[in-house]
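Engineer: Attaching a single structure in C-alpha cells format; questions to follow.
Every number in this text was worked out from the coordinates using simple rules, so none of it is lab data. No experiment lies behind these values; they were computed from the predicted model shown. Cβ sites come from the backbone with ideal geometry, for glycine too, and all protein chains shown count toward neighbours.
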Amino acid sequence: MRYRAVLLSALLAGAIGVSGCGGSAVAGDSAEGPGTIVVGLDTMRFNPETISVKAGEPVKITFRNAGLLIHDYISEGADRNVKLANVGGGKQASGIFQASKPGTYNVVCIQPAHKEAGMVGKIVVVE
Ligand SMILES: [Cu+2]
C-alpha cells in the first residue's frame, strides 16, 4: 500500500511539473513486500543493526549508504539472500530477502576489515 502511495505521489508530482530529479526510482523495482530501509555508516555499523521479517514473505530491503566508504549488505543462509555489494557512499541499492525458516540470519559487509570492525547485522525471521 505504501509503495502504491509513493508511486502515486511521484506520478502526481510529475504531472504538475514539480518533479525535482529526473528518472523514476521505482520503475523496475519489485513491488514485493512492504520494504525496509537499512542505513550503512562509516562507523562500521548498520542502522538498524537488526531487522525483523516474516517467514516465507519476500521483503524488499533497501540499503542506503550514508557514509563515504563503499559498503555491502549481504545476507547469508536464506532462501533468497540480499546481495547488495559495493554500494558507494551516498548511494543505495535494493534487493529481495526471503526465508521460509524462522531464525536469525547474519548480514555482513565484506569490504576489507569492515566485518572485523563490527559491520555485521541480523535479519530475524519470525513465524
Ligand atoms: Cu562496510
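Engineer: In the structure displayed, which of Lys54/Lys101; Lys54/Lys115; Lys91/Lys115; Lys91/Lys122; Lys54/Lys91 lie more than 18 Å apart, Cα to Cα?
Structural biologist: Table pairs above 18 Å Cα-Cα are Lys54/Lys115; Lys91/Lys115; Lys91/Lys122; Lys54/Lys91.
Engineer: In whole Hz, with x marking every Gly and Pro, tabulate ³J(HN,Hα) for the stretch 94-103 from phi via Karplus 6.51 cos²θ - 1.76 cosθ + 1.60, θ = phi - 60°.
Structural biologist: Using θ = phi - 60°, the values come out as 10, x, 9, 10, 8, 9, 7, 9, x, x Hz.
Engineer: Which of the peptides 112-123, 65-76 is most tightly packed, and how do the rest follow, going by the mean number of other Cβ atoms within 10 Å of each residue?
Structural biologist: Highest-to-lowest ranking by the protection proxy: 65-76, 112-123.
Engineer: While we're on this one: Each residue of the stretch 111-127 in order: what ³J(HN,Hα) in whole Hz does its phi give by Karplus 6.51 cos²θ - 1.76 cosθ + 1.60, θ = phi - 60°, with x for Gly and Pro?
Structural biologist: Along the stretch 111-127, the couplings run 5, x, 6, 6, 4, 5, 7, x, 7, 10, x, 9, 10, 8, 9, 10, 4 Hz.
Engineer: Here is a further query. Compute the signed sum of charges (Lys and Arg +1, Asp and Glu -1) over the other residues within less than 15 Å, Cβ to Cβ, of Ala85.
Structural biologist: +2
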